[in-house]
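K.L.:
Let me give you the structure first, and then I'll get to my questions.
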Amino acid sequence: MSMKSADAALRATAPARAAAPVRTLARPSLLASLAPALLGLVVPGAFLVLWWGVVAAGVFPPSVLPSPFTVAAAAFDWAFGDPQNGGYSGTLAQAIWASGQRVLLGYAIAMVLGVAIGVPTGASRLMGHLVDPFIHLLRPIPVTAWVPLSLVFFGFGFKGAVFLVALGSFFPIVVNTIEGVRGANRSLVKVGRMLGARGWRLLWYFILPASLPSVFVGLRLGMGISWELIIVAEMMSVKSGIGYTLLDAYSFGRFDVVIAAMIVLGVMGFLSDRVIVAVQSVALRWHREVSIHAEQ
Amino acid sequence: MPSNETRDSDAILRCERLDRTFVSRDAGENRVLQDINFEMRKGEFVVLIGPSGCGKSTLLNIIAGFDRQTAGLALIDGRPIAGPGPDKAMVFQDYALLPWLNARENIEIGLKMQRMPAAQRTETALRFLELVGLAEAAERPVYKLSGGMQQRVSIARALALEPKVLLMDEPFGALDAFQRAIMHKELVRIWRATQATIIFVTHSLEEAVFLGERVVAMTPRAVGLTGELRIDMPRPRDPLSPEFAAVKRRLFEMITSHLTEEVAVFAE
Ligand SMILES: Nc1ncnc2c1ncn2[C@@H]1O[C@H](COP(=O)(O)OP(=O)(O)OP(=O)(O)O)[C@@H](O)[C@H]1O
Ligand SMILES: [Mg+2]
């Protein structure tokens with residue numbers, strides 16, 4: 001219905017109010033649609049100013065707390081400097097690749113194992129009784145407590161780091177997969193059985209799709225933990241990557257590089273989360289829409 | 001009072017001395033169904049009516065195979081009911097459509113589980129969507145359909161299985177009064193077109209009188225079904241006509257007389 005006929009309808013039903021201005025739904029302006037993004041920049045901006053102010057006032061020695069500009073310069077040199085200069089110049093890509101590789105492999109292992117173990121554990125009562133207690137016993141052990149064992153079994157380097165990442169992200173993935181499969185909407189499972197689906201077909205066509213939203217929760221949590229653990233692993237036992245750079249810079253008192261490394265980690269974590277969210281929004285379009293409808 | 005239906009051989013569904021007792025730790029034994037005798041002909045439209053908590057859903061769940069009786073017999077086509085399956089299709093109050101599929105796929109998935117070939121599946125699904133008046137919504141995601149439309153998809157899904165009985169447990173409870181009135185007419189039309197055998201559960205007298213060929217009443221903790229009423233009123237039935245009101249009153253009296261009897265028994 002156009003605005004005009006809506007107005008007409010209003011007038012027809014409420015002649016007394018016809019003179020009053022009719023509130024119309026204005027199309028959101030460009031400024032209005034950018035407003036949330038701009039608002040999101042206010043607090044970080046204020047934070048930067050505060051940071052700069054603290055440094056300028058000389059509260060801490062500049063060697064301990066460098067200014068935002070020093071950090072930006074260090075980050076730029078780390079990313080684009082000439083490697084011939086030595087130090088950290090131009091080694092960022094290498095560090096990202098070293099860490100990213102370990103995260104990807106460890107995460108992939110966790111995803112495959114988490115889903116492969118989580119689905120049967122959630123679907124079968126017997127498997128649940130067998131596997132559940134074990135998972136819940138292992139889960140409270142902080143992954144960092146595994147470091148000594150990891151060093152014994154996998155040594156210093158790539159394998160140990162991948163092991164820690166895989167172990168840490170395995171738990172949220174497996175636990176959420178179990179919950180998702182177990183909690184798959186009761187009435188949909190009933191429907192599946194009514195339609196004649198048994199066993200694998202019931203699982204594949206009814207239970208698994210219904211459990212996906214929960215599985216994705218696990219995947220996102222797992223990715224966050226991956227980035228945490230790669231830093232732990234690289235600080236303890238590996239001689240490359242962002243975590244290693246961070247620790248190395250600390251030992252040389254290069255706090256500008258330390259802070260630059262922290263920022264890079266934040267960005268990497270954010271980007272990998274966005275990737276999962278993007279996959280999720282395609283795979284679970286129905287889920288988003290259903291939740292939106294349910295809210296109305 | 002057991003059903004006084006004669007035991008004709010074309011009974012498609014039969015319950016004999018059916019009992020269902022729930023045992024729970026806190027509440028002890030709860031005998032919900034007691035000595036239920038009930039029979040249905042092929043093509044019949046039976047409405048099961050009774051107050052909340054009298055065991056209507058329990059009985060329907062046993063017939064659907066979702067639940068099991070604690071004693072007695074439940075037979076479909078002379079064979080005991082063993083678990084859910086496409087010969088006893090249920091239309092759920094909350095539609096229970098698969099939200100990741102569109103309307104057509106929601107019907108096809110059932111046919112796929114029957115291992116029907118793909119081309120025939122699509123053709124069948126479209127035919128049943130047409131039957132329920134949703135041909136143009138075939139490719140729409142089900143979560144974008146209104147409640148009434150979703151319930152039509154759910155009915156089409158059940159009918160496409162060509163079940164021996166179609167079970168409907170308060171299927172229109174979530175719809176508004178206008179949609180419900182439309183669905184009542186539609187259901188009668190669909191029933192006549194398909195000659196499906198339908199058990200329809202409700203606690204609305206109006207719904208019962210509008211839809212049923214036979215209305216069977218249940219009351220809580222009564223032994224068996226408490227009474228039944230044949231409704232031969234011609235269709236389409238007019239809910240505002242005096243005949244309709246008269247039948248409704250008779251049904252109401254039939255149910256409440258048993259309710260007061262029950263109260264009297266409890267008072268002793
Ligand atoms: N799984 C169960 N375990 C224990 N008691 C149950 C169970 N299911 C139903 N009951 C009990 O059986 C009785 C009948 O329930 P039922 O759902 O069949 O009633 P109903 O006639 O369908 O009611 P309504 O009109 O509200 O849907 C209730 O007292 C209920 O508490
Ligand atoms: Mg019920």
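The values are calculated or read from the model by the stated rules, or taken from the named source; none is laboratory data. Keep in mind that what you see is a predicted model, and the values were worked out from it rather than measured. Cβ placement follows ideal geometry from the backbone for every residue including glycine, while neighbour counts extend to all protein chains displayed.
K.L.:
Please go through the range B:110-141 and give me each residue that is farther than 23 Å from B:Trp191 by Cβ, in contact (Cβ under 8 Å) with a residue 24 or more places away in the chain and buried (at least 21 other Cβ atoms within 10 Å of the Cβ), ordered by number.
P.N.:
B:Met113 - this is the single residue of the range B:110-141 that is farther than 23 Å from B:Trp191 by Cβ, in contact (Cβ under 8 Å) with a residue 24 or more places away in the chain and buried (at least 21 other Cβ atoms within 10 Å of the Cβ).
K.L.:
Quick check on my filter: what residues within the range A:189-200 are assigned to a helix (DSSP H, G or I) and surrounded by 17 or more Cβ atoms within 10 Å (Cβ to Cβ)?
P.N.:
Taking the range A:189-200 and keeping what is assigned to a helix (DSSP H, G or I), we get A:189-194, A:199-200.
Across the range A:189-200, the qualifying residues are A:Val189, A:Lys190, A:Val191, A:Gly192, A:Arg193, A:Met194.
K.L.:
If you don't mind, there's one more thing I want to ask. Which condition number in (1) part of a helix (DSSP H, G or I); (2) closer than 21 Å to A:Tyr244 by Cβ; (3) modelled with pLDDT under 95; (4) hydroxyl-bearing (Ser, Thr, Tyr) is the one that A:Tyr107 fails?
P.N.:
Condition (3) is where A:Tyr107 drops out.
K.L.:
Can you name the residue in the range A:174-206 that is among the β-branched types (Val, Ile, Thr) and within 14 Å of chain B (Cβ to nearest Cβ) and, of all such residues, is farthest from A:Leu126 (Cα to Cα)?
P.N.:
Within the range A:174-206, the first condition is being among the β-branched types (Val, Ile, Thr), and the residues that meet it are A:174-175, A:177-178, A:181, A:189, A:191.
Checking which are within 14 Å of chain B (Cβ to nearest Cβ) leaves us with A:189, A:191.
Values: A:Val189: 18, A:Val191: 23 Å.
Only one residue tops the list, namely A:Val191.
To keep it simple, each residue is scored yes or no on (1) assigned to a helix (DSSP H, G or I); (2) at pLDDT 90 or above; (3) crowded, with 16+ Cβ neighbours inside 10 Å; (4) among the acidic types (Asp, Glu).
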| position | (1), (2), (3), (4) |
| --- | --- |
| A:Pro21 | no, no, no, no |
| A:Leu25 | no, no, no, no |
| A:Leu31 | yes, no, no, no |
| A:Leu50 | yes, yes, no, no |
| A:Val64 | no, no, no, no |
| A:Gly100 | yes, yes, yes, no |
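K.L.:
Looking for whichever is in a helix (DSSP H, G or I), over 23 Å from B:Gly50 (Cβ atoms) and within 12 Å of chain A (Cβ to nearest Cβ) here; the options are B:Gln120, B:Gln150. Which one fits? First the steps, then the outcome.
P.N.:
Values: B:Gln120 fails: within 12 Å of chain A (Cβ to nearest Cβ).
Answer to the check: B:Gln150.
K.L.:
Only residues that are within 7 Å of ligand 1 (Cβ to nearest atom) and surrounded by 23 or more Cβ atoms within 10 Å (Cβ to Cβ): list them for the range B:35-53, please.
P.N.:
Across the range B:35-53, the qualifying residue is only B:Gly50.
K.L.:
Something else about it: From B:Ala174, B:Ala208, B:Ala193, B:Ala181, which residue is among the aliphatic types (A, V, I, L, M), within 16 Å of ligand 2 (Cβ to nearest atom) and either surrounded by fewer than 18 Cβ atoms within 10 Å (Cβ to Cβ) or in a loop (DSSP other than H, G, I, E, B) (or both)?
P.N.:
Values: B:Ala208 fails: either surrounded by fewer than 18 Cβ atoms within 10 Å (Cβ to Cβ) or in a loop (DSSP other than H, G, I, E, B) (or both); B:Ala193 fails: within 16 Å of ligand 2 (Cβ to nearest atom); B:Ala181 fails: within 16 Å of ligand 2 (Cβ to nearest atom).
Residue meeting the stated conditions: B:Ala174.
K.L.:
Which residues, taken from the range B:39-48, are within 21 Å of B:Gly78 (Cβ to Cβ), touching an Asp or Glu at 6+ places or on another chain (Cβ under 8 Å) and not charged (D, E, K, R)?
P.N.:
The initial filter retains those residues of the range B:39-48 that are within 21 Å of B:Gly78 (Cβ to Cβ), namely B:39-44, B:46.
Next cut, touching an Asp or Glu at 6+ places or on another chain (Cβ under 8 Å) only: B:39, B:41-42, B:44, B:46.
Within the range B:39-48, B:Val46 is the sole residue that qualifies.
K.L.:
Scan B:Asp77, B:Asp87 and give me the residue that is within 14 Å of chain A (Cβ to nearest Cβ), away from ligand 1 (no atom under 16 Å from the Cβ), surrounded by fewer than 22 Cβ atoms within 10 Å (Cβ to Cβ) and under 22 Å from the mean Cα position of the chain (by Cα). Give the derivation first.
P.N.:
Details: B:Asp77 fails: within 14 Å of chain A (Cβ to nearest Cβ).
It is B:Asp87.
K.L.:
Checking the condition farther than 24 Å from A:Ser150 by Cβ and either within 12 Å of chain B (Cβ to nearest Cβ) or surrounded by fewer than 20 Cβ atoms within 10 Å (Cβ to Cβ) (or both), which residue from A:Val257, A:Val217 passes?
P.N.:
Working: A:Val257 fails: either within 12 Å of chain B (Cβ to nearest Cβ) or surrounded by fewer than 20 Cβ atoms within 10 Å (Cβ to Cβ) (or both).
Checking each option against the conditions leaves just A:Val217.
K.L.:
Suppose we filter the range B:183-196 for residues that are within 13 Å of B:Glu207 (Cβ to Cβ) and out of contact with any Leu (no Cβ under 9 Å at 6 or more places or on another chain); how many remain? Talk me through it step by step, then tell me what you get.
P.N.:
Taking the range B:183-196 and keeping what is within 13 Å of B:Glu207 (Cβ to Cβ), we get B:183-185, B:187-188.
From the residues that got through so far, the ones that are out of contact with any Leu (no Cβ under 9 Å at 6 or more places or on another chain) too are B:185.
Going through the range B:183-196 one residue at a time, the tally reaches 1.
K.L.:
Among residues belonging to the range B:99-109 that are of a type in the set (A, V, I, L, M, F, W, C) and out of contact with any Gly (no Cβ under 9 Å at 6 or more places or on another chain), point out the one that is surrounded by the most Cβ atoms within 10 Å (Cβ to Cβ). So that I can check it myself, show each step before the final result.
P.N.:
Looking only at the range B:99-109, we keep the residues that are of a type in the set (A, V, I, L, M, F, W, C), and these are B:100-101, B:103, B:107, B:109.
If we keep only those that are out of contact with any Gly (no Cβ under 9 Å at 6 or more places or on another chain) as well, we get B:100-101, B:103, B:107.
Details: B:Trp100: 19, B:Leu101: 18, B:Ala103: 29, B:Ile107: 31.
Checked the range B:99-109; the qualifying residue surrounded by the most Cβ atoms within 10 Å (Cβ to Cβ) is B:Ile107.
K.L.:
Looking at (1) assigned to a loop (DSSP other than H, G, I, E, B); (2) within 16 Å of ligand 2 (Cβ to nearest atom), which one does B:Asn30 not meet, given that it meets all the others?
P.N.:
(1)
K.L.:
Oh, and also: Could you count how many residues in the range B:90-103 are more than 9 Å from chain A (Cβ to nearest Cβ) and within 16 Å of ligand 1 (Cβ to nearest atom)?
P.N.:
The total comes to 2.
K.L.:
In the range B:54-74, which residue that is hydrophobic (A, V, I, L, M, F, W, C) and near ligand 1 (Cβ under 8 Å from one of its atoms) is farthest from the chain's Cα centre (by Cα)? Write out each step before concluding.
P.N.:
Keep residues of the range B:54-74 that are hydrophobic (A, V, I, L, M, F, W, C), which gives B:54, B:59-60, B:62-64, B:66, B:71, B:73-74.
Still in the list and also near ligand 1 (Cβ under 8 Å from one of its atoms): B:54, B:59-60.
Details: B:Cys54: 15, B:Leu59: 10, B:Leu60: 7 Å.
Ranking the qualifying residues of the range B:54-74, first place goes to B:Cys54.
K.L.:
I've got another one for you. All but one of (1) away from ligand 2 (no atom under 16 Å from the Cβ); (2) closer than 30 Å to B:Glu136 by Cβ; (3) in contact with a Lys or Arg (Cβ under 9 Å, 6 or more places away or on another chain) hold for B:Pro99; which doesn't?
P.N.:
Looking at each condition in turn, B:Pro99 falls short on (3).
K.L.:
Here is a follow-up. Confirm whether B:Ala71 is of a type in the set (Gly, Ala, Ser), away from every other protein chain (no Cβ under 13 Å) and under 30 Å from B:Ile182 (Cβ atoms).
P.N.:
Working: of a type in the set (Gly, Ala, Ser): yes; away from every other protein chain (no Cβ under 13 Å): yes; under 30 Å from B:Ile182 (Cβ atoms): no.
No; evaluated as a whole, the condition is false for this residue.
K.L.:
Going residue by residue through the range A:150-173, is there one that turns out to be of a type in the set (Lys, Arg), away from chain B (no Cβ under 14 Å) and in a helix (DSSP H, G or I)?
P.N.:
Taking the range A:150-173 first, the residues of a type in the set (Lys, Arg) are A:159.
Narrowing further to those that are away from chain B (no Cβ under 14 Å): A:159.
Adding the requirement that they be in a helix (DSSP H, G or I) leaves A:159.
Within the range A:150-173, one or more residues are of a type in the set (Lys, Arg), away from chain B (no Cβ under 14 Å) and in a helix (DSSP H, G or I).
K.L.:
Take the residues in the range B:47-93 that are among the hydrophobic types (A, V, I, L, M, F, W, C) and away from ligand 2 (no atom under 16 Å from the Cβ); name whichever of them is farthest from B:Val216 (Cα to Cα). Give the derivation first.
P.N.:
Quick first cut of the range B:47-93, residues among the hydrophobic types (A, V, I, L, M, F, W, C) only: B:47-49, B:54, B:59-60, B:62-64, B:66, B:71, B:73-76, B:81-82, B:89-92.
Within this subset, residues satisfying the condition of being away from ligand 2 (no atom under 16 Å from the Cβ) are B:71, B:73-76, B:81-82, B:89.
On the way: B:Ala71: 21, B:Leu73: 19, B:Ala74: 17, B:Leu75: 18, B:Ile76: 19, B:Ile81: 21, B:Ala82: 24, B:Ala89: 20 Å.
Per the criteria, the residue is B:Ala82.
K.L.:
Answer with yes or no whether B:Asp238 is charged (D, E, K, R) and either touching a Cys at 6+ places or on another chain (Cβ under 9 Å) or without any contact (Cβ under 8 Å) to a residue 24 or more places away in the chain (or both).
P.N.:
Values: charged (D, E, K, R): yes; either touching a Cys at 6+ places or on another chain (Cβ under 9 Å) or without any contact (Cβ under 8 Å) to a residue 24 or more places away in the chain (or both): yes.
Yes.
K.L.:
Say we look at the range B:154-168 and pick out the residues that are away from every other protein chain (no Cβ under 11 Å) and not in a loop (DSSP other than H, G, I, E, B); which of these is nearest to ligand 2 (Cβ to nearest atom)? Even if it seems obvious, please write down each step before you answer.
P.N.:
Kept after step one, since they are away from every other protein chain (no Cβ under 11 Å), are these residues of the range B:154-168: B:155-156, B:159, B:162, B:164-166, B:168.
Cutting the leftovers down to not in a loop (DSSP other than H, G, I, E, B) gives us B:155-156, B:159, B:165-166, B:168.
Numbers: B:Ile155: 18, B:Ala156: 23, B:Leu159: 22, B:Val165: 17, B:Leu166: 17, B:Met168: 11 Å.
My answer is B:Met168.
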